[in-house]
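Q: First the structure, then my questions, so here it is.
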Amino acid sequence: MKKKSNLSRLMEYAGTYRYLTYSSWILSALSALIALVPFWYLWKIVKEVLEVMPDFSQARDLTHNGWMAVLFAVLSMLIYIGGLMCSHLAAFRVQANLRKEMTHHIVSLPLGFAEDFGSGKLRKIINESSAATETFLAHQLPDRYAAIATPVGLLVLLLAFDWRLGLLSLVPVALGFLIMMSMTGAKMRQKMKEYQDALDDMSNEAVEYVRGIPVVKTFGQTVFSFKRFKDSIDRYSTWAIAYTKDLRLPMMFYTTAINSVFAFLIAAALIVTADGVTQEFLLNLIFYIIITPVISLTLTKIMMQSENIMIVDDAMARMDSVLRLRPLPQGRTLKKPEDSSITIENVTYSYDGEKNALEDISLEIKAGQTVAFVGPSGGGKTTLANIISRFFDPQKGRVRIGGVDVKDIHRHQLMETVSFVFQNSRLIKASVLENVRLGKPGASREEVMEALKQAQCGDIIEKLPHGIDTVIGTKGIYLSGGEQQRIAIARVLLKDAPILILDEATAFADPDNEARVQQAFSQASRGKTVIMIAHRLSTVTNADCIYVLEEGRLAEQGTSGELIEKNGLFSRMWKDYQASVQWKVAKEVQS
């Protein structure tokens, strides 16, 4: 089966608006041809001037020809504007449909996809790659057809008056095309891909850097602390300089060729007029000198079209990289969990296929239990919680919720069963009411207010100018990290899912906010199965069971008292934690 071209695919996204796109091509080409008509009237003006000189009072048609040139120039412009209106209407529809399709598709993908793909890269694809198609359809494609029509009209004009001068004018055109071909093709497409890859890399690392600014300010670090971000900038700089140097000579020769038409015309004039100048030859020479700048302009447009096509091809390939991703497989017979118990059986998972982030983990969490995952950084705590939530599937083993394999639970049902509170919960730019309602879209205002009350958000609502209808992120209205956490907990309370996962949810909260967040957690966790991931061991001492993970393996499990008595990894971590909370900043006393 023949693969569809990217243009054909874009027309499918345009729907019935594709006819507007076709109309824009016709109007743009017609505009380009009409734009050449004023040059014919200019030829007539020059002809009349040469015929009547030096007695210019005998000129009768100068004004008429001048106004006709203006009329056709204005007509060309109006037709071109009409073509752009058609192309923009279609282009905006295509861009909107592309973004909608990608967004709907992303919703169907597992939540771990965004973490693997990179939020900066994903944002760039959705926004900038789709915008590239809009620019292509709205501006570049109509200009492409104008650039095709212009040489046809030019060829007629160049050969109509003096075929010798016309052919000489085409010599630099041929040279320009030959040089242009050396700057396009498969090599250039590869370069364009490398360019977009470098931009994606920088965008991704920039997002991570911005997210880490609080840590930078806290510890007095600089941008060089974020080595990956700096390296991405350095790689782009190295690539851009090398690419520019590669194109120096071809671009220099190309610019010289397309602007050398005058040199060929002057040489021709010197040869032909060796025996004297005829009025007809002088007329045609002046006309060719006037019209030849259009040749260089048209050639440059054609060259840019080649680059624009490569840009949109690369944009489509990047959008396809998202659209090709498939949702996690679902079982043939979907079931509903019997309760909120969790069973993990021999789970092994690797991010890169080499080192295992989880190695043969097995454990059982009973319905209504509160458990904790603790251990050194990189031990696999968050990965295990993500596996339970089915952010991604393990390479080996399986996870059951309520006695049902998570693969046999519909993704909507699974999301209704599990709620999350992360260490940096994010709120959308909307009212507090709409942010909380994300947990239960059909909730009433009274239900939202009750959830906010249980989440200890009363003081937050009181200080907002419009209460729960206040839009966050506008007119200087922003919430602290701890306040955002409490709003996120209100969302979880409203959702009322039987399983609650708390991933370092108080990591960046100040003491006052932490106390309020802990009170909110006590409300949110009543009657639920709770999984806590924490580095502050004091927050997990009352857990029914603590699972200690180290290098992807389950090292220990038990209550806090049992684990301290074992004098193992948890005991050492507990002693280190107790020592750290006793640390004080000593003030130097000068004598």
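Please treat every number below as a calculation from the coordinates, not as lab data. It should be emphasised that the depicted structure is a prediction, and the values quoted were computed from it without experimental measurement. All Cβ positions, glycine included, derive from the backbone under ideal geometry; neighbour counts span all protein chains shown.
Q: Where does each of 136-144, 482-490, 556-564 land if you order them by average Cβ count within 10 Å, highest first?
A: Per-residue mean Cβ counts within 10 Å order the peptides as 482-490, 136-144, 556-564.
Q: Still on this model: Name the aspartates and glutamates eligible as straight-distance cross-link partners of Lys44: C-alpha to C-alpha under 19 Å, and not fewer than 8 places from it in the same chain.
A: Asp55, Asp61, Asp162, Glu280
Q: Points 7 angstrom from Cα along the Cβ direction at Arg426 and Asp55: gap in nanometres?
A: 8.3 nm
Q: Now a separate question. Among residues other than Ala149 whose Cβ falls under 15 Å from its Cβ, what is the net charge (Lys/Arg +1, Asp/Glu -1)?
A: So the surrounding residues net to +1.
Q: Could you let me know the centre-to-centre spacing of region 412-483 and region 1-56, using Cα atoms, in angstrom?
A: Their Cα centres are 55 Å away from one another.
Q: A follow-up question, please. Using per-residue counts of other Cβ atoms within 10 Å, averaged over each peptide, order 83-92, 450-459 from highest down.
A: In descending order of packing, they fall as 83-92, 450-459.
Q: Quick check on my link table: of Lys336/Lys429; Lys3/Lys230; Lys121/Lys381; Lys301/Lys429, which ones sit more than 32 Å apart, alpha carbon to alpha carbon?
A: Lys336/Lys429; Lys3/Lys230; Lys301/Lys429
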